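So the structure is just underneath, and the comments pick up after that.
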Amino acid sequence: MAQLSLQHIDKIYDNNVQAVYDFNIDIKDGELIVLVGPSGCGKSTTLRMVAGLEDISRGNLLLDGRDITRAPAKDRDMAMVFQNYALYGHMTIYENMAFSLLLRKEDPNVIHKKVLAAADILGLTSQLNKKPSQLSGGQRQRVAMGRSIVRNPKVFLFDEPLSNLDAKLRGATRREILLLHKRLNATMMYVTHDQTEALTLADRIVCMSMGHVQQVGTPLELYDSPNNTFVAGFIGLPPMNFFDVTFENGALHGKGFEVALSDEEKATLANYNRKAITLGVRPEDIAEGGTLAVKVFSNENLGMNTLVHGHMGDNIRVTAKLRGWTDYKNGDTVQLGFRRKHFFDKETTNAIRKGDR
Amino acid sequence: MMNDQSVRLDRMRFTKNTTSSRLVLLAIVLDALYFVSLYRINLDYYYNMMMGASILYNLVFMLAAFLASEGVKNYKQSFSGVLCVLGVIQIARIFILPVPAHQTTVTVGGVELLAMSNGQFTRAVIYLVGSAACLFVAAVINFTKSRALQAHIAGLEGQKA
């Protein structure tokens, strides 16, 4: 049972480079929080500060109400799983999993029971006498997780644990982590740059950029109601299309194209009349049969869907994810329409919601 | 639910027999100390054909004992026999060199001395007896543990079947 609270956390390195700005979040007991963002956004730094591997420059870190901001890593009762597994190559899997408990001088019989239980959960029972070099990447990562499980920590920290695995193994191990979370019901913080991992694993996602938290919310909230153009562009694959448009006479006018709006959308943009805004449309929200003529330059068949890349208006690039199998050739013109639209303030890049401004 | 005794046995499936293994390594160290102590024997008593044989045997002993230490680490029962043989030879070695040297006198500068002094003889005997004792104890521990482990594994396989 663990509640973790990060309050106004900053990280400033000795050379005055600030890696994290005013990070705030209250993590509930049993919650799986995923920190997602591009490389260098401060997500791993934040995780390392929580683990105690980096000093916290400003702010407070509370675990179950107890201030652990300055506590050494060993006293924080947290277990970390690293991208490179960090297993001892000369020890067997059993010894690797038991090692931290042996250092704590726990009863060997108790250690044995804990290791067997963890191995059972992770399907490693038959591998216990092997060395890490005899296991696959996915199995090694499971050993790293097992090493954390036996400690029964209050919080599990994962630092891009699937990055070293191939795509197929990554999917399988991701599902195992999800099952593990459900089984242990433990508080977890998970860092990744892969939005698919974030969307599939998280109870809540923290999307970061340049050391700033851009949005905290459920996967659906981030996908459906992104706070700004960064979140909108980062979450979703392929990324959202953005168009510079002006709202005028109840419609959006772009360079060489016009988009009609529903009454509700007009009401949302009521305060932006004759102003330039950014229109965001997810590729999956574009369908055939609309009023926009798009000249195709690429057609990628994915089986269930087809990615159609083209230009509309004055050479404005657009990507559509169409259902089914299409076979458009380079130069073909296809009529497309936008279903769901997102609006962003051009200056602040923030989402425009009903009643803004 | 497993009781403490069966947990202790079950642990052996995944842990090494480090007690036996370390005892054998200690036996090698004691043997090395004995061997080094021989060079302090007076004059040329040691420098004859026995020297070459002694060096060769020490090399063989250290190799065999080291391999046996690795064997007993993995609960290999047959290595208990090897350790017992090596232990018996260590005891026999007391009568091959230290005892004759202790009973032989040599003349140094007109003074008659024991080829191996009382102190040296005592130390040599202690090293060899200690080495042999380590080997015997390691053999017994390994034999007991490996039998218990075999029975435990057979029991587990019986449960599965």
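No lab work stands behind these numbers, since they all come straight from the coordinates. This is a predicted model, so every value here is computed, not measured. Positions of Cβ are generated from backbone atoms using ideal geometry, with glycine treated the same way; all protein chains shown enter the neighbour counts.
Only one residue of B:L23, B:V88, B:V106 has its Cα farthest out toward the positive end of the dipole of chain B, where Lys and Arg carry +1 and Asp and Glu -1 on Cβ, and that residue is B:L23. For A:E160, A:E288, the sequence from fewest to most other C-beta atoms within 10 Å is A:E288, A:E160. Entry note: the range A:1-106 has Rg to Rh equal to 1.01, where both radii use alpha-carbon atoms and Rh is the Kirkwood radius.
Given Cα pairs under 8 Å that are at least 6 residues apart, what percent is the relative contact order of chain A? Each step should come with its number before you reach the end.
Values: 746 pairs, mean separation 55.1, N = 357.
The value is 15 percent.
Using a cutoff of 8 angstrom between alpha carbon atoms and counting only pairs six or more residues apart, the relative contact order for chain B works out to 37 percent.
About its Cα centre, the dipole of the protein assembly as shown is roughly 1380 debye, where the only charges are +1 on Lys and Arg Cβ and -1 on Asp and Glu Cβ. Rounded to the nearest 0.05, what FRET efficiency is calculated for B:L113 and B:L56 with R0 set to 30 Å and r the Cβ-Cβ distance? Calculated transfer efficiency: 0.55. Per residue, the convex hull around the alpha carbon atoms of the protein assembly as shown comes to 259 Å³. Ordering A:R104, B:R8, A:R151 from the fewest to the most neighbouring beta carbons within 10 Å gives A:R104, B:R8, A:R151. R0 = 56 Å: FRET efficiency of B:V129 with A:D120, Cβ-based, nearest 0.05? The computed FRET efficiency comes out at 0.70. Orientation-averaged projection of the range B:18-160 equals 8.6 nm² [convex hull of Cα atoms, one quarter of hull surface area].
For peptide A:251-260, how many partner chain Cβ atoms fall within 10 Å of a residue's Cβ, on average? Write out the running numbers ahead of the final one.
Details: counts 0, 0, 0, 0, 0, 0, 0, 0, 0, 0.
Shielding by partners across A:251-260 averages 0.
To the nearest 10 degrees, how steep is helix B:18-38 against the longest Cα principal axis of chain B, on a 0 to 90 scale? Computed tilt is about 10 degrees.
When N is the residue count of the range A:199-353, what does its C-alpha Rg come to as a fraction of 2.2 N^0.38 Å? Intermediate values should be presented prior to the final figure.
Numbers: Rg = 16.0 Å, N = 155, 2.2 N^0.38 = 15.0 Å.
Ratio of Cα Rg to 2.2 N^0.38 Å: 1.07.
Would you mind checking the range B:112-140 for residues with the amide N under 19 Å from a putative spin-label position 7 Å along Cα→C-beta of B:A32? Hits in the range B:112-140 for B:A32 at 19 Å: B:124-135.
What you get for the range A:239-345, charging only the Cβ of Lys and Arg (+1) and of Asp and Glu (-1), is a dipole of about 100 debye around the Cα centre.
Compute the signed sum of charges (Lys and Arg +1, Asp and Glu -1) over the other residues within less than 13 Å, Cβ to Cβ, of B:R22. Spell out each step's value before the answer.
Values: positive: B:K16, B:K73; negative: B:E70.
Taking every Cβ under 13 Å from that of B:R22, the sum is +1.
For the residues of A:95-101, the average number of beta carbons from a partner chain within 10 Å of their own beta carbon is 1.
Remark: mean inter-chain Cβ contacts per residue of A:110-118 equal 3, using a 10 Å Cβ-Cβ cutoff to other protein chain atoms. For the range A:270-285 versus the range B:8-34, the spacing of their alpha-carbon centroids is 75 Å.
Please arrange B:S131, A:S5 by counting, for each residue, the other beta carbons lying within 10 Å of its beta carbon, fewest first.
Values: B:S131 27, A:S5 15.
Listed from fewest to most nearby Cβ atoms, that is A:S5, B:S131.
Here the dipole of the range B:18-160 is about 520 debye; that uses its Cα centre as origin and unit charges on the Cβ of Lys and Arg (positive) and Asp and Glu (negative).
Centre-to-centre, using Cα atoms only, the range B:92-161 and the range A:133-158 are separated by 45 Å.
For the range A:4-233, rounded, prolate or oblate, judged on the Cα gyration tensor with a ≥ b ≥ c (square roots of eigenvalues), a/c < 1.5 rounded, else prolate if a/b > b/c? Since a/c reaches 1.5 and a/b is larger than b/c, the shape of the range A:4-233 is classed as prolate.
Could you give the DSSP H helices of chain A that reach 20 angstrom or more along their long axis (alpha carbon positions) and whose average Kyte-Doolittle hydropathy is no lower than 0.0? Show your work: numbers first, answer last.
Numbers: long enough: A:108-122 (21 Å, 0.72); A:137-151 (22 Å, -0.69); A:167-184 (25 Å, -0.36).
Span-like helices, by this rule, are A:108-122.
Net length available on complete extension from A:T196 to A:T218 is 6.6 nm, with 0.36 nm assigned per residue and the Cα-Cα distance removed. Estimated translational diffusion coefficient (Stokes-Einstein, Kirkwood radius over Cα pairs, 4 °C, 1.567 mPa s) of the range A:98-188: 94 µm² per second.
When the helices of chain A are scored as -39500 (n - 2.57) per DSSP H run of n ≥ 4 and the total is divided over every residue, the value at 222 nm lands at -7500 deg cm²/dmol.
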